[in-house]
Structures are given as C-alpha cells and as structure tokens.
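Notes to accompany the following structure.
The values are calculated or read from the model by the stated rules, or taken from the named source; none is laboratory data. Note that the coordinates shown come from a computational prediction; the quantities given were computed from them, not determined experimentally. Glycine also receives a Cβ, built like all others from the backbone with ideal geometry; neighbour counts cover every protein chain displayed. Please note that ligands, DNA and RNA were not included when accessible areas were found on the heavy atoms of the full protein model with its side chains. Shrake-Rupley method; radii C 1.70, N 1.55, O 1.52, S 1.80 Å.
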Amino acid sequence: MKRQPLIVANWKMHKQLKEALEFVRELRRLGADQLRDRTVVLCAPATALLALSEVLKDSAIRLGAQNAHWEQAGAFTGEISPTQLLDVGCSYVILGHSERREHFAETDDRVRQKLRAALCAGLHPIVCVGERGEEREAQRTHRVLERQIGVGLGDLAPTELGKMAVAYEPVWAIGTGVTARPDQAQQAQQFIRSCVAKAYGPEAAQALRILYGGSVQPDHMDSLLAQPDVDGALVGGASLSAQDFWRIISFHSQLTPTHGSV
Ligand code: PEP
C-alpha cells in the first residue's frame, strides 16, 4: 500500500488576510506547485479561507480549516459547519487539536461527532491525538492513544480511513521547541496503526496516513519521514514563515517503500 506524504500547516489564530495572501504568493514562487509527489495543505483562519481559495484555484496547494461543527447547519451562533467549509473551497479540516481539547473542552465523543459530519460533507478530516507530558511519564501513552483512537474514530467504515488522516501530536511537544525523537514518533505511530488495524482491519490501517506534529522544524523532516509509520507532518510555528514552510515541504527524504512516489 502506497501512502503519499501529507504536510499540513496549522496557522492557528495568526495572520491578517494580507499576510495570508503574501505567504501563498511566496510559497508558490518558491515552487510549491511543482511538488507532485506529496500533498501540501494550508489550514488557515476562517477569515482568510474564501480569499485563499480564490488564489489557490489553479494550485496544487490544498486549503483546510482548523475546526468544524458537528452539524451541517443550525442555531449554533459563531460556529462553522463542514458544508460551509466545503462551500468556500476547503478540502481538509483539523479536528480535535489539543488546544481545542484544552481550551474548548472538546472530548473524544465530540471529536467522533465532528469526524462523522466532516466525512459526510466530503472533507478530509485530520484527527489529532497525543498524550500529555505527565501521561508519558506515567507510561500511559498507549492507554491514552488507544482511548482517543477508539472513541474518537468510532464506527467508521474501513474505506473511510483512506479519506482521512490522524496526527500524532504529543502535547508536550506542541509549541515547546521539544520535538519527539524520530524513534518516539515511530513507536507511537506504529501503535496507533495497530489500534486501527485491530478495529478496522489491516488493509484500512495501511491506507491511513499518520502525521507527526510537535515543534517540527525543516531539519527534522528527513529523519521523521524516514520512519515507516510517519506519513507526513502537521506544523504550527514553523508554518508561519513561507521560507521555513518551503524547506519543510521540500524535504528530500529517502521515502520508505510505504510512501508512494506519485
Ligand atoms: C500544532 O499546532 O499542531 C503544532 C504542532 O504546533 P508547533 O509545530 O508549533 O509545535
């Protein structure tokens, strides 16, 4: 099973519209549209999505959002539905980011509802999971990941695994400058794939792209992507600079046989 690398920028609550448009102009000038053997996604703030989708119409760069509601429409003041994201040109959406879990009390149940809604709308969801530092220290990493995957993915059809991705983002590595070692990422991501295989079968598990996220810098990409269960990266801070993000998406890793070349 070939899995094409997926590299996703998470701009969080950063960038005015002008800055977002300048970033895209610069990234395309550097050559992002020529990277045909990997998928590059910009998850921008909602305020920039429509304008970005206009300028990305003829581009290989895909557009994503950072959150979505679990209903397609309704009386939910201030919220945005998956159908609305699709309508303004998004094809990806991040769900269950640790900052949403921490600051907005998102539970695994809620993530599952959002995942179902996003898939129904035709989006490619990226579901974030990952243990806190104290959970790792208490050797509870596997227990946490098992719960987040078991409850958060819920009762998917096995074929739906190929339409989505999981991002392993250890909370202790997000925005801290402390990146997981490649072997730590591999160990956790292999475990995530084994949980998925148990629930949905080995074929579905092989189709699932599992990204690593947590203080990724350009120099980390080759060693991370050399791991057999690391299929890409979810990048926060280093995705805010077009130059840095270009260095991240243009990594030249020797892709392992699980990674496709087309
Ligand atoms: C993230 O926000 O998903 C993330 C991984 O952030 P950073 O790269 O800044 O750690």
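Numbers for the structure displayed
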| read-out | value |
| --- | --- |
| Count of residues meeting criterion [in a loop (DSSP other than H, G, I, E, B), within 16 Å of the ligand (Cβ to nearest atom) and of a type outside the set (A, V, I, L, M, F, W, C)] in the range 1-38 | 3 |
| Total residues in the range 1-19, condition closer than 25 Å to Glu99 by Cβ, of a type outside the set (Lys, Arg) and under 19 Å from the mean Cα position of the chain (by Cα) | 9 |
| Filtered residues of the range 18-71 (kept if among the polar types (S, T, N, Q) and surrounded by 15 or more Cβ atoms within 10 Å (Cβ to Cβ)) | Thr39, Ser53, Ser59, Gln66, Asn67 |
| Residue match in the range 99-110 (condition: surrounded by 16 or more Cβ atoms within 10 Å (Cβ to Cβ), in a loop (DSSP other than H, G, I, E, B) and modelled with pLDDT of 95 or more) | yes |
| Residue among Arg136, Arg147, Arg143 that alone is touching a residue at least 24 places away in the same chain (Cβ under 8 Å) and surrounded by fewer than 15 Cβ atoms within 10 Å (Cβ to Cβ) | Arg147 |
| Among (1) under 18 Å from the mean Cα position of the chain (by Cα); (2) in contact (Cβ under 8 Å) with a residue 24 or more places away in the chain; (3) within 23 Å of Cys195 (Cβ to Cβ), the one test that Asp109 misses | (1) |
| Single match in Thr159, Thr179 (criterion: within 14 Å of the ligand (Cβ to nearest atom) and β-branched (Val, Ile, Thr)) | Thr179 |
| Residue check for Arg101: more than 14 Å from the chain's Cα centre (by Cα), within 16 Å of the ligand (Cβ to nearest atom) and either under 16 Å from Lys163 (Cβ atoms) or among the basic types (Lys, Arg) (or both) | yes |
| Residues of the range 208-241 that turn out to be out of contact with any Gly (no Cβ under 7 Å at 6 or more places or on another chain) and assigned to a helix (DSSP H, G or I), as a count | 10 |
| Where a residue in the range 198-218 is open to solvent by 30 Å² or more (accessible area, probe 1.4 Å) and its partner, wherever it lies, is within 9 Å of the ligand (Cβ to nearest atom), with Cβ under 9 Å and at least six apart | Gln217/Gly177; Gln217/Thr179; Gln217/Val235; Gln217/Gly237; Gln217/Ala238 |
| From Glu26, Glu79, residue being in contact (Cβ under 8 Å) with a residue 12 or more places away in the chain and acidic (Asp, Glu) | Glu26 |
| Contacts under 8 angstrom Cβ, first residue in the range 233-246 being more than 6 Å from the ligand (Cβ to nearest atom) and open to solvent by less than 40 Å² (accessible area, probe 1.4 Å), partner assigned to a strand (DSSP E or B) and among the aromatic types (Phe, Trp, Tyr), 6 or more apart | Ala233/Tyr212 |
| Qualifying residue in the range 168-191 (condition: surrounded by fewer than 24 Cβ atoms within 10 Å (Cβ to Cβ), assigned to a loop (DSSP other than H, G, I, E, B) and of a type in the set (A, V, I, L, M, F, W, C)) | yes |
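Results for (1) of a type in the set (Gly, Ala, Ser); (2) over 19 Å from Ser223 (Cα atoms); (3) touching a strand residue (DSSP E or B) at 6+ places or on another chain (Cβ under 8 Å), shown as yes or no for each residue.
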| position | (1), (2), (3) |
| --- | --- |
| Ala157 | yes, yes, no |
| Gln187 | no, no, no |
| Lys198 | no, yes, no |
| Ala204 | yes, yes, no |
| Arg209 | no, no, yes |
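For (1) within 16 Å of the ligand (Cβ to nearest atom); (2) at pLDDT below 95; (3) in contact with a helix residue (DSSP H, G or I) (Cβ under 6 Å, 6 or more places away or on another chain); (4) part of a helix (DSSP H, G or I), each residue gets a yes or a no:
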site: Ile126; (1), (2), (3), (4): yes, no, no, no
site: Asp155; (1), (2), (3), (4): no, yes, no, no
site: Lys198; (1), (2), (3), (4): no, no, no, yes
site: Gln206; (1), (2), (3), (4): no, no, no, yes
